[in-house]
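Novice: Got a structure for you, written out below as structure tokens; questions coming shortly.
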């Protein structure tokens, strides 16, 4: 029965977002409770009933539905003049602004008809039938058969109702629902896909508009010059700034300065290989920026602008969740979002500013040639090392997180040493490449020794930071010791460089 509800991604019908869907997505848990209270009041007047007429539908859902008649027609697919109100409530719950963990109790209570804090096998079947029918009517999918849903409900009772009481409690139902793969895949593909879909469209559109403006200016500049001077379309740094502020008018001067400078610094590293013509500004940075570099730097900023739902130009935890979801392509867990916020929120304001986010995104993107500062790497150690997303570090996670920081520091030191010995840029680049290859060979030869040193460092840090002797480091233990962490990591890096590597 595990595959009864399984759905392939190609089965999901994602159409252009319409007003009806937006109404469900904008609904809050409070709106749901208001509609449910309206329904309960109606039942007190007309008696126990599960179907409603158009007028009754309007009375119940007017707060959620901007055009109740259109919503009614959506659910009255057989044109009977009445709809199953449980289907509508189930759709509101699935799409409303709340995490999936908060929606499970709402569904449970909706079908706990006798308010016993338990649901029977029959009630569970109704829950699954109504939820599935409602969702499929809204999306336009064929729903699983009734027999499949009844079999899944029966399977649930076999695995959950261990005392054979014939009823399931909310904790039992929640545990089963969150652990039943086919059910959660089914519901999350409805809820989660729609939750992020509109933001994904807005993000794609914003980035496309910015790039289109860039191309228009670049083509016009070529025409004005009357001949092609480079192999790629390029715009001046000033034009890049104008494009950003035109499409993102809330951009502050420091933010625009940072974005443009990041583009120029990326161009400085890549211009010789892509054939952009000469020219530099007063700071000695390239004057022209290619479309590829423009997009690389603007992408994380565009995601920030779209995720900033309240337009306050800072991101809350919920908005950061959307931002990470946009760029990672999957929904991040709550501990992961919280860990990012605590690591990147440098001023401890409880919100993430555009510069805090973009500086991290640009510096950590290898395509821009970015390289996080040593201090920033240590700052982000907690986030990057917390592999299972539980917001605490085990000894193994700490050791795994230290390794890339130390190795990257060794490579950076070697490249800086070579660069200082060569004044010619081309000679320096060639020598650096050779030196890095030699260093990687040395690191491989001494991998066991280095692994032992890093394991010892991880043990030392665990003893120093683990104040409650839990053998796990929480953020409240980690954050105050950043200076100590940086010092010990630097000392270990220097020891490896000076005494382990020949």
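The values are calculated or read from the model by the stated rules, or taken from the named source; none is laboratory data. As the structure is a prediction and not an experimental result, all values here were calculated from the model. Every residue, glycine among them, receives a Cβ derived from its backbone with ideal geometry; neighbour counts consider all protein chains shown.
Novice: Which residues, counting only those in region 32-75, are in contact (Cβ under 8 Å) with a residue 60 or more places away in the chain and either outside the structural domain of residue 110 (by TED's automatic domain parsing) or closer than 16 Å to residue 137 by Cβ (or both)?
Specialist: Selection gives 74, 75.
Novice: From the list 124, 106, 135, pick out the single residue that is modelled with pLDDT under 85, assigned by TED's automatic domain parsing to the domain that holds residue 48, under 22 Å from residue 21 (Cβ atoms) and surrounded by 13 or more Cβ atoms within 10 Å (Cβ to Cβ).
Specialist: 135
Novice: Would region 76-93 turn up any residue that is within 30 Å of residue 318 (Cβ to Cβ), assigned by TED's automatic domain parsing to the domain that holds residue 34, free of Cβ contacts under 8 Å to residues at least 40 places away in the same chain and in a helix (DSSP H, G or I)?
Specialist: Among the residues of region 76-93, not one is within 30 Å of residue 318 (Cβ to Cβ), assigned by TED's automatic domain parsing to the domain that holds residue 34, free of Cβ contacts under 8 Å to residues at least 40 places away in the same chain and in a helix (DSSP H, G or I), which makes the answer no.
Novice: Go through region 474-502 and report how many residues are modelled with pLDDT of 85 or more and over 22 Å from residue 347 (Cα atoms).
Specialist: 14
Novice: Return the residue satisfying two criteria in turn: it lies in region 214-271 and is outside any helix (DSSP H, G or I) and modelled with pLDDT of 85 or more, and of such residues it is surrounded by the most Cβ atoms within 10 Å (Cβ to Cβ).
Specialist: 234
Novice: Quick check on residue 274: is it modelled with pLDDT under 95 and either within 17 Å of residue 362 (Cβ to Cβ) or in the same structural domain as residue 200 (by TED's automatic domain parsing) (or both)?
Specialist: When the stated conditions are applied, residue 274 passes them.
Novice: Looking at region 315-345 only, could you name the residues that are in contact with a strand residue (DSSP E or B) (Cβ under 7 Å, 6 or more places away or on another chain), free of Cβ contacts under 8 Å to residues at least 40 places away in the same chain and farther than 21 Å from residue 392 by Cα?
Specialist: Selection gives 323 alone.
Novice: For region 169-191, does any single residue satisfy the condition of being closer than 30 Å to residue 120 by Cα, touching a strand residue (DSSP E or B) at 6+ places or on another chain (Cβ under 6 Å) and at pLDDT 80 or above?
Specialist: Among the residues of region 169-191, at least one is closer than 30 Å to residue 120 by Cα, touching a strand residue (DSSP E or B) at 6+ places or on another chain (Cβ under 6 Å) and at pLDDT 80 or above, which makes the answer yes.
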